[in-house]
Amino acid sequence: MPESSQSHLEQQRIPPLERIDFVTVKLPFVHPFGTSVQTWTHKEALLLRVESGGRVAWSECVADPDPFYLSETTGTACHIIRDFLLPLVEPGETVGDVLHKFHHVRGHEMAKATVENALLVCIALQRGVALHTLLGWPEKKIMSGISIGLRDTQAELLDAVASAVAKKYHRVKMKIKKGKDVEWVRAVRERFPDLQLMVDANGDYTLDDAMHLQKLDVFGLTMIEQPLSYSDIYQHSLLQDQLHTPLCLDESLHTFNDVTTAIALDACRVINIKQGRVGGLLESMRIARFAMEHGIGVWSGGMDETGIGRAVNIHLQTADGFSLPGDTSETLNYFTEDIIEQPVMLDRHGFISVPPGPGLGISVDPQRLMKYMIHAERVR
């Protein structure tokens, strides 16, 4: 994002916030989603509903109810948003002023992103423009990518990949872990020799596994995502020096400073930006611009979001720097029924359209919301 555009965005004023609610929903997955750290059968999502001037803005916290992916949870996010972040939001202040005050709260990027997203959607609705327009980017078609969780058998994995290829997904990511890696990747590569394929280890390996991970070099992978510890940058730099395949960092990167450190150490050649993990949309665009200037590929990661969080990710990917297909897939890949009325669908070339209309361009279905709601709380 050009500096002048970011400065303009930071100068946007916060409108009066008349009502704020937490809403927690729980949607069953079409298939259990397994990684090297946990398998989930449902998506439990914390939503923030903000009413301003008769308009309703929604945002989604990407934290899980458990601390198995990262330390933030939906419970900690509620606490931080209610007791620390929302008291810092004053109508009439600029977005930049509010985000600067958020710096006094250490960490809790997912909670911060939830509030920032809601404020930006509020402003976009107030101005009658799409979120991507408010962010400073024109509409464009978004490349699709799918993340396939661990499967019980190679046959099940191959069926899932075949389905993705048939739908024209631009990139397929498969989860791996020790014992389900080299031979499983080989099976996919032999069946689909031209597929843009990457693997995600979710930190299941150590530097002692370097020689084993070198066996993945022969498969022409786009990248290996987060093979080492979720908190590590330095050892990834040592591993990258031993591999031909580019490494991608995910869980290790929480701030712009983390990214500058990783790039300086050559710890990765690709970055997964989960906007919730790095504190919101403005920080995501700042990171994407910096990475682009340093020749680092960037893509938008997903957290199996409902249609609300999925729409945010789609709008974000209109920004410069998002050069690779992200984890943005069709709604039906995860849920038979979502809480929004407009499911994400691929066109015949595998692209995704940005939802039209002001704000996120989506509508929450009230009946589905009630059907899947497990908790609601008035915050203000």
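Some observations on this one:
- Filtering region 248-257 for residues that are assigned by TED's automatic domain parsing to the domain that holds GLY149, part of a helix (DSSP H, G or I), closer than 30 Å to VAL95 by Cα and of a type outside the set (A, V, I, L, M) leaves a non-empty set.
- Qualifying residue in region 91-106 (condition: assigned by TED's automatic domain parsing to the domain that holds VAL172, modelled with pLDDT under 95 and loosely packed, with under 15 Cβ neighbours inside 10 Å): no
- Scanning region 262-297 for residues being crowded, with 21+ Cβ neighbours inside 10 Å and acidic (Asp, Glu) gives a total of 1.
- Which numbered condition GLN342 misses (of (1) outside the structural domain of GLN240 (by TED's automatic domain parsing); (2) surrounded by fewer than 22 Cβ atoms within 10 Å (Cβ to Cβ); (3) closer than 30 Å to THR41 by Cβ): (1)
One line per residue, one yes/no per condition, for (1) more than 16 Å from the chain's Cα centre (by Cα); (2) in contact (Cβ under 8 Å) with a residue 60 or more places away in the chain; (3) outside the structural domain of ALA162 (by TED's automatic domain parsing):
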site	(1), (2), (3)
ALA262	yes, no, no
ASP266	yes, no, no
ALA319	no, yes, no
THR331	no, no, no
THR336	yes, yes, no
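- Looking across region 163-190, the residues that are under 26 Å from PHE351 (Cα atoms), part of a helix (DSSP H, G or I) and either among the polar types (S, T, N, Q) or out of contact with any helix residue (DSSP H, G or I) (no Cβ under 6 Å at 6 or more places or on another chain) (or both) come down to SER163, ALA164, VAL165, ALA166, GLU190.
- Residue match in region 52-61 (condition: surrounded by fewer than 20 Cβ atoms within 10 Å (Cβ to Cβ) and closer than 26 Å to SER231 by Cα): no
- Filtered residue count, region 34-58, keeping only those that are in contact with a helix residue (DSSP H, G or I) (Cβ under 7 Å, 6 or more places away or on another chain) and either basic (Lys, Arg) or not assigned by TED's automatic domain parsing to the domain that holds CYS78 (or both): 1
- Residues in region 338-380 that are among the hydrophobic types (A, V, I, L, M, F, W, C), in contact (Cβ under 8 Å) with a residue 40 or more places away in the chain and closer than 21 Å to LYS168 by Cβ: LEU346, PHE351, ILE352, VAL354.
- Single residue of LEU48, LEU27, LEU17, LEU85 found to be out of contact with any Phe, Trp or Tyr (no Cβ under 6 Å at 6 or more places or on another chain), farther than 25 Å from HIS254 by Cα and buried (at least 17 other Cβ atoms within 10 Å of the Cβ): LEU17
- Residues satisfying the stated conditions in region 298-332, i.e. crowded, with 22+ Cβ neighbours inside 10 Å, of a type in the set (S, T, N, Q) and not in a strand (DSSP E or B): THR306, ASN313, GLN317, THR328, SER329
- Meets criteria (over 16 Å from the mean Cα position of the chain (by Cα), more than 19 Å from VAL278 (Cα to Cα) and outside any helix (DSSP H, G or I)) for GLY107: no
The values are calculated or read from the model by the stated rules, or taken from the named source; none is laboratory data. As the structure is a computational prediction, the values presented were derived from the model and not from experiment. With ideal geometry, Cβ positions are generated from the backbone for all residues, glycine too; neighbour counts draw on all protein chains shown.
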